Amino acid sequence: MTAQHQLTEQQQALARVAAVQDCLAANAVWSEQARRLHDDSFAAIVDARIPHLFLPQGLGGDEVNPMTCAAVCEEVAASDTAAAWHIMVFNAAKLMAAKWPTELVEELWADKPHRLVAASGHTPLSAKRVANGIEISGTQRFVSGCNFAEWIMSPVILDGEMHNAVIAIEDCQVQDNWDTLGMRGSGSNDVLIDHVTVPALQVVPPAGPETPVNRYYEGALYRCPSRIVFATYVPVALSLAKQAIDEVAALVKTKTPGGGASKLTEKHMAQGHFGRALAQYRSARLMFYNALELTWQRALEGLEASPEHRADLYLAGTHAVQTSAEVVRLMGNVAGTTMTERGHPLDRINRDAETLRHHGFVNESRYASVAQVLWGAELDYPAMLR
């Protein structure tokens with residue numbers, strides 16, 4: 001893939017996003033209040049081919065490079081963070097399916113590339129073999145996008161080992177319990193799977209390095225470590241940081257703090273917060289995109305990612321999210337009570353950023369997990385090395 005091809009691919013993807021951004025922005029408040037994405041917003045991101053980003057071309061997908069996916073995610077998040085979160089919702093399972101049976105992959109996406117398989121790995125479900133298949137039970141948490149999904153994907157414990165299972169949503173019970181301060185429109189409800197029996201094909205055993213990829217997944221994208229999925233949601237946090245900076249840059253031109261005679265533009269402390277935030281945002285974003293680029297180049301060259309390479313990618317994703325949240329807090333130091341005004345853009349930006357920084361894959365404890373890999377210490381988060 002040449003640099004010109006990558007540029008053209010990204011320009012085309014961003015043009016499709018631009019065509020639907022007005023719709024996404026118009027419905028963002030509704031989605032937050034309803035605690036799920038608006039139907040029109042969902043249709044818009046389908047029209048923009050969001051579900052196709054990480055789907056193989058042989059299944060009707062676009063199979064874009066990770067930098068293009070990340071750029072699309074940032075751009076969508078500028079209109080609605082909940083809509084941008086659905087980039088991960090649509091593409092995580094499609095990315096993970098590289099070593100699934102070809103028959104299962106075709107059943108899910110061959111006739112409908114934009115079919116949504118909502119995924120969550122929070123709580124492994126229990127599974128046992130029965131006469132006509134595999135019976136699955138349990139409650140999976142944080143299943144973003146489950147209101148629109150046709151299937152859900154979840155880890156299950158079968159025969160003492162971790163497997164992945166896909167279950168038709170019509171056999172599940174969506175619990176209307178996603179009620180948070182931030183990222184409300186993601187619709188990340190719990191889903192109850194109550195003794196549901198599925199065919200054995202739909203429960204995939206753990207894959208090892210020797211497990212071959214199915215014939216649809218032979219491209220460079222699928223040689224990347226699984227955490228390349230960061231490209232589908234970490235940029236939401238980067239977008240929030242940029243939005244906070246832009247909002248404060250506009251605010252300081254007119255705001256005079258209570259009890260003072262001078263505008264914010266003349267306050268040395270506010271200037272310092274802003275300059276520090278700008279530097280942190282730019283450096284974290286550059287580090288993240290550089291990590292994606294290095295990972296992509298290694299995949300193009302057919303090189304296996306070492307534990308250190310995987311840790312570097314994880315560090316970049318974690319740092320991007322944690323730094324973005326810190327940037328938003330710094331902008332709160334400048335904005336003062338404006339940040340707490342219900343309905344002001346900074347209010348939602350702050351709530352979304354605080355929610356995202358606690359996400360299990362990129363929370364602050366992942367810094368320690370990176371150190372464990374680099375130091376050869378006992379690893380508390382084995383998923384980092386997938």
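General remarks:
- Taking GluC sites (Glu not before Pro) as exposed when DSSP calls them loop and at most 16 other C-beta atoms lie within 10 angstrom, the chain has its longest site-free stretch at 1-149.
- Above 13 Å, the calculated P(r) of region 162-209 contains 66 percent of its Cα-Cα pairs.
- Note on 352, 312: ascending count of other Cβ atoms within 10 Å places them as 312, 352, the fewest first.
- Tilt relative to the chain, helix 268-300 - C-alpha long axis, 0 to 90 degrees, to 10: 30
- Relative to the longest principal axis of the Cα atoms of the chain, the long axis of helix 234-251 makes an angle of roughly 10 degrees.
- Remark: 238, 24 ranked as 238, 24, counting other beta-carbon atoms within 10 Å and listing the fewest first.
- Distribution of pairwise C-alpha distances over region 3-109, 5 Å bins, in %: 2, 13, 23, 22, 17, 13, 8, 2, 0
- Every Cα-Cα pair of region 224-385 was included, and the share exceeding 30 Å stands at 26 percent.
- Local net charge near residue 350, Cβ-Cβ under 15 Å (Lys/Arg +1, Asp/Glu -1): -1
- Environment charge of residue 117, counting only residues whose C-beta is closer than 15 Å and scoring Lys/Arg +1, Asp/Glu -1: -3
- Additional length obtainable on full extension of the chain from residue 211 to residue 378, 0.36 nm per residue less Cα span: 57.5 nm
- Listed by Cβ neighbour count within 10 Å, with the fewest neighbours leading, 69, 23 appear as 23, 69.
- Over region 109-240 - Rg/Rh using Cα atoms and the Kirkwood inverse-distance radius: 0.98
- Projected-area mean, region 236-277, by convex hull of Cα positions, square nanometres: 3.1
- Count Lys and Arg as plus one, Asp and Glu as minus one, and take only other residues whose Cβ is under 12 Å from that of residue 14; the net charge is then -1.
- Based on Cα contacts under 8 Å between residues 6+ apart, region 3-109 shows a relative contact order of 29 percent.
- Here region 188-209 and region 18-50 have alpha carbon centers that stand 29 Å from each other.
- Where trypsin sites (Lys or Arg not before Pro) fall in DSSP loop in region 91-149, at most 10 other Cβ within 10 Å: none
- Projected over every direction and averaged, the convex hull enclosing the alpha-carbon atoms of the chain yields 19.8 nm².
- Sum of -39500 (n - 2.57) over DSSP H runs of 4+, divided by residues of the chain (222 nm, nearest 500): -15000 deg cm²/dmol
- In degrees, nearest ten, helix 21-34 long axis to first principal axis of the chain (Cα): 80
- Full extension of the segment from residue 265 to residue 3, taken as 0.36 nm per residue of separation minus the current Cα-Cα distance, would add 90.2 nm.
- Working note: Debye formula, equal point scatterers on the alpha-carbon atoms of region 286-353, no solvent; log10 I(q)/I(0) at q = 0.18 Å⁻¹ is -0.70.
Just so you know, all these numbers are worked out from the coordinates, no wet-lab data involved. None of these values were measured; they are calculated from a predicted model. Note that each Cβ is placed from the backbone with ideal geometry, even for glycine, and that neighbours are counted across all protein chains shown.
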